[in-house]
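Structure first, commentary second.
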Amino acid sequence: MNVNSDISIDLLYEAVLCLKTKEECELFFDDLCTSLELNSISQRFLVAKMLDQKHIYNDISKATGASTATISRVNRTLNSKHSGEGYRIVLERLAEKGIITPVEDGGKQ
């Protein structure tokens, strides 16, 4: 990755951190992404949530429409020693806010 890409990515992260409400996030991501891109990103995140809650691949595929290749890729990221921390941070914070059911509660929300 070149220096301009690094700067561009950092700027994107800063832009996301500037957003204060769900509505602002919706406006920004609707402007930034095509509907296909946004659906792909949200699908991967839902897959991560369901994997974290111990759902099986078949159930995840049926619920999300994700291919087993996508599910497997997200699963590898979640279970890697070198990545997956971003998913874990967000999933924990959503559970703390009561938006999703934490795994230790045994829920499959």
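Just so you know, all these numbers are worked out from the coordinates, no wet-lab data involved. Please read all numbers here as calculations on a predicted model, not as lab measurements.
Some observations on this one:
- Helix 85-96 and the long axis of the chain differ in direction by around 70°, with both axes built from C-alpha atoms.
- Lysine pairs in the range 1-107 whose alpha-carbon atoms fall under 17 angstrom of each other, counting only those eight or more residues apart or on distinct chains, come to 5.
- Percent RCO, i.e. relative contact order, over the chain, from Cα pairs under 8 Å lying at least 6 residues apart: 19
- For the range 1-50, the extents of the C-alpha atoms along the principal axes are 35, 25, 20 Å, listed from largest to smallest.
- Segment SER8-LYS22, length gained on full extension (0.36 nm per residue, minus Cα span): 2.7 nm
- Within the chain, helix-based [θ] at 222 nm, where runs of 4 or more DSSP H residues each add -39,500 (n - 2.57), nearest 500: -22500 deg cm²/dmol
- Helix axis angle, 35-52 relative to the chain longest principal axis, alpha carbon, degrees: 40
- Computing Cα Rg over 2.2 N^0.38 Å for the structure here picks out one of (i) 1.17; (ii) 1.43; (iii) 1.62, namely (i).
- Counting only alpha carbon atoms, the long axis of helix 68-79 and the longest principal axis of the chain meet at about 80°.
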